[in-house]
């Protein structure tokens, strides 16, 4: 199945604009999923939204409630939330560069491949990729998509670029309180030496293909065995059983644009912490 872009726009480095697309780097359907079926009738189990003392309710009667205190909620109208949603912007500007490895793994959320939109964009795309690789840097910027703003990190990945959305600082739980109970003592030298030797002996380049999901393999084998057995109960859904559903600008002169960018940003100071990019 062909990959479909989740965002199309421009990757901008100062005055250089590169038409790009974002494609998910992971497959959501790689693992098995099940649907709940009522055993005696063989029909799918549906979930209805209900209210105690009222019964089933319609979706348009449901509001979002923010808890102010125990049992006390502030109700927000759908139009109030829609009014503050951000429009999807078509530009992702690279506003800062940090050393690769400087960002803690705690911040990384979801990966996407950054792909040039057309052949004309490839020259500028390769220049940004190679420059990041030569300097050992990761680019930072903010991307507006699906009504919200994402903090993003972009770095070289093979022949291309990888974008990873990052969690914001207030989403990270402080580790110190959890680690505070660990005694701050120096490890026994003999034990440390043995552990170090074991680590060195088992060290090798990372290869994800070496690791298998044994549960997933066993589950697939079970399904295949059950499929071949006539004794396995089956259910066939009828029609009524299905759930009801509720620009890019080409870079004409890359070298000229890069030189102009240097002149433009030559005296610029790094942006202060907490300020949003334009």
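The values are calculated or read from the model by the stated rules, or taken from the named source; none is laboratory data. Only a predicted model underlies this, so the values are computations on that prediction, with no experimental measurement involved. Counting neighbours? That spans all protein chains shown, and the Cβs are built from the backbone with ideal geometry, glycine included.
The condition of being over 30 Å from residue 234 (Cβ atoms), out of contact with any helix residue (DSSP H, G or I) (no Cβ under 8 Å at 6 or more places or on another chain), at pLDDT 85 or above and not in a strand (DSSP E or B) holds for only one of 65, 53, that being 53. Summed over region 95-129, the residues that are assigned to a helix (DSSP H, G or I) and under 17 Å from residue 19 (Cα atoms) give a count of 11.
Could you tell me whether residue 183 is assigned to a loop (DSSP other than H, G, I, E, B), on the phi < 0 side of the Ramachandran plot and modelled with pLDDT of 90 or more? Outline the logic, then answer.
Working: assigned to a loop (DSSP other than H, G, I, E, B): yes; on the phi < 0 side of the Ramachandran plot: yes; modelled with pLDDT of 90 or more: no.
No: the conditions fail for residue 183.
Which of the residues belonging to region 188-198 are assigned to a loop (DSSP other than H, G, I, E, B) and either at positive phi or surrounded by fewer than 10 Cβ atoms within 10 Å (Cβ to Cβ) (or both)? Explain how you work it out, then say what you get.
The initial filter retains those residues of region 188-198 that are assigned to a loop (DSSP other than H, G, I, E, B), namely 188.
Within region 188-198, none qualify.
Cβ-Cβ distances below 8 Å connect no pair with a first residue in region 19-35 that is at positive phi and in a strand (DSSP E or B), a second residue that is at pLDDT 85 or above and surrounded by 10 or more Cβ atoms within 10 Å (Cβ to Cβ), and a separation of six or more residues or different chains.
Among the residues of region 204-215, are any closer than 30 Å to residue 92 by Cβ, outside any helix (DSSP H, G or I) and under 23 Å from the mean Cα position of the chain (by Cα)? Outline the logic, then answer.
Here is the first cut: in region 204-215, the residues closer than 30 Å to residue 92 by Cβ are 206, 208.
Next, from what is left, pick out any that are outside any helix (DSSP H, G or I): 206.
Now narrow it down to the ones that are under 23 Å from the mean Cα position of the chain (by Cα): 206.
Checking region 204-215: at least one residue is closer than 30 Å to residue 92 by Cβ, outside any helix (DSSP H, G or I) and under 23 Å from the mean Cα position of the chain (by Cα).
I want to confirm something. Restricting to region 1-18 and keeping residues that are within 30 Å of residue 139 (Cα to Cα) and in a loop (DSSP other than H, G, I, E, B), which single residue is modelled with the lowest pLDDT? Result: 2. Looking across region 123-138, the residues that are crowded, with 18+ Cβ neighbours inside 10 Å and over 19 Å from residue 254 (Cα atoms) come down to 137, 138. Just checking, how many residues over region 88-120 are in contact with a strand residue (DSSP E or B) (Cβ under 7 Å, 6 or more places away or on another chain) and within 29 Å of residue 28 (Cα to Cα)? Qualifying residue count, region 88-120: 21.
The residues on offer are 42, 55, and the sole one that is at positive phi, more than 31 Å from the chain's Cα centre (by Cα) and exposed (fewer than 10 other Cβ atoms within 10 Å of the Cβ) is 55.
Yes or no: residue 243 at pLDDT 80 or above, assigned to a loop (DSSP other than H, G, I, E, B) and either out of contact with any helix residue (DSSP H, G or I) (no Cβ under 9 Å at 6 or more places or on another chain) or surrounded by fewer than 10 Cβ atoms within 10 Å (Cβ to Cβ) (or both)?
On the way: at pLDDT 80 or above: no; assigned to a loop (DSSP other than H, G, I, E, B): yes; either out of contact with any helix residue (DSSP H, G or I) (no Cβ under 9 Å at 6 or more places or on another chain) or surrounded by fewer than 10 Cβ atoms within 10 Å (Cβ to Cβ) (or both): yes.
When the stated conditions are applied, residue 243 does not pass them.
Pull up region 23-37, narrow it to residues that are modelled with pLDDT of 85 or more and over 30 Å from residue 7 (Cβ atoms), then point me to the one that is surrounded by the most Cβ atoms within 10 Å (Cβ to Cβ). Per the criteria, the residue is 37. Taking the criterion of being loosely packed, with under 10 Cβ neighbours inside 10 Å and at pLDDT 95 or above, would at least one residue in region 159-168 satisfy it? Yes, region 159-168 contains a residue that is loosely packed, with under 10 Cβ neighbours inside 10 Å and at pLDDT 95 or above.
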